[in-house]
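Structure first, then comments.
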Amino acid sequence: MWKHYFTQPHLSVRLSTLQHIPLDVKQPYTIVAKAKNQIAIEALEEEKIKLMDFLRENLKNPHLELEIILKPEKPKTPKKVYTPEEQLEKLSQEYPVIQELKQRLDLDAI
């Protein structure tokens, strides 16, 4: 029903993006929307009355409530650039045969 509401043709593009907000259920009648930023929270707050009327009517549950929380995305950790020695060490841990191959080919100088 959540996605159905936000895909209605009369809603703006800005509101249609809210269909992807993750949801949880807290207690029997509380829907928790986890917005990623303040803009999404404000958009949900603006649409909350119409949205809740729609959900209550279609789910036939007049006790439904909506709680909106800020759940920012975790910052992406930058990818670490490994030196050749670090790459060899990591691969050697995963594949011990690499060390044996290195010794057989006399690649210790590398």
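Since every read-out is calculated from the coordinates, none of them should be taken as a lab result. Quick caveat, the model's predicted, so the values are computed rather than measured. As a convention, Cβ positions derive from the backbone with ideal geometry for all residues, glycine included, and neighbour counts pool all protein chains shown.
Given the DSSP H assignment, sum -39500 (n - 2.57) over each helix run of at least 4 residues in the chain and divide by its residue total; what's the result at 222 nm in deg cm²/dmol, nearest 500? Walk me through the numbers on the way to the answer.
Details: 5 runs with 50 residues, N = 110.
My calculation for the chain gives -13500 deg cm²/dmol from helical runs alone.
Over 19 Å between Cα atoms: which of LYS3/LYS60; LYS36/LYS79; LYS26/LYS71; LYS34/LYS74; LYS26/LYS48; LYS34/LYS80 fall into that group?
On the way: LYS3/LYS60 17 Å; LYS36/LYS79 23 Å; LYS26/LYS71 15 Å; LYS34/LYS74 13 Å; LYS26/LYS48 17 Å; LYS34/LYS80 30 Å.
Checking Cα-Cα distances, LYS36/LYS79; LYS34/LYS80 exceed 19 Å.
Taking the Cβ of LEU70 as the centre, find all other residues whose Cβ is under 10 Å away and add up their charges (Lys, Arg: +1; Asp, Glu: -1).
Details: positive: LYS34, LYS36, LYS71; negative: none.
Around LEU70, the charge tally is +3.
Which semi-axes, in whole Å and largest first, does the equivalent ellipsoid of the chain have when worked out from the alpha carbon gyration tensor as the square roots of 5 times its eigenvalues?
Working: eigenvalues 585, 48, 30 Å².
Semi-axes, largest first: 54, 15, 12 Å.
Could you give me the percent of Cα pairs per 5 Å distance bin for segment 34-80, shortest bin first, beginning at zero and ending with the bin that holds the maximum distance?
The percentages, shortest bin first, are 5, 19, 20, 16, 14, 10, 5, 4, 3, 2, 0.
If you rank LEU23, LEU15 by fewest surrounding Cβ atoms within 10 Å, what's the result?
So the residues, fewest neighbours to most, are LEU23, LEU15.
To the nearest 10 degrees, how steep is helix 38-59 against the longest Cα principal axis of the chain, on a 0 to 90 scale?
Its long axis makes an angle of about 60 degrees.
Please compute the length gained on full extension between GLN103 and TYR82, using 0.36 nm multiplied by the number of residues separating them and subtracting their Cα-Cα distance.
Details: separation 21, 0.36 × 21 = 7.56 nm, distance 2.22 nm.
That works out to 5.3 nm of additional length.
By the scheme Lys and Arg +1, Asp and Glu -1, what is the net charge of all other residues having a beta-carbon under 14 Å from that of LYS26? Write down the numbers at each step before the final one.
On the way: positive: LYS34, LYS71; negative: ASP24, GLU65, GLU67.
That works out to -1.
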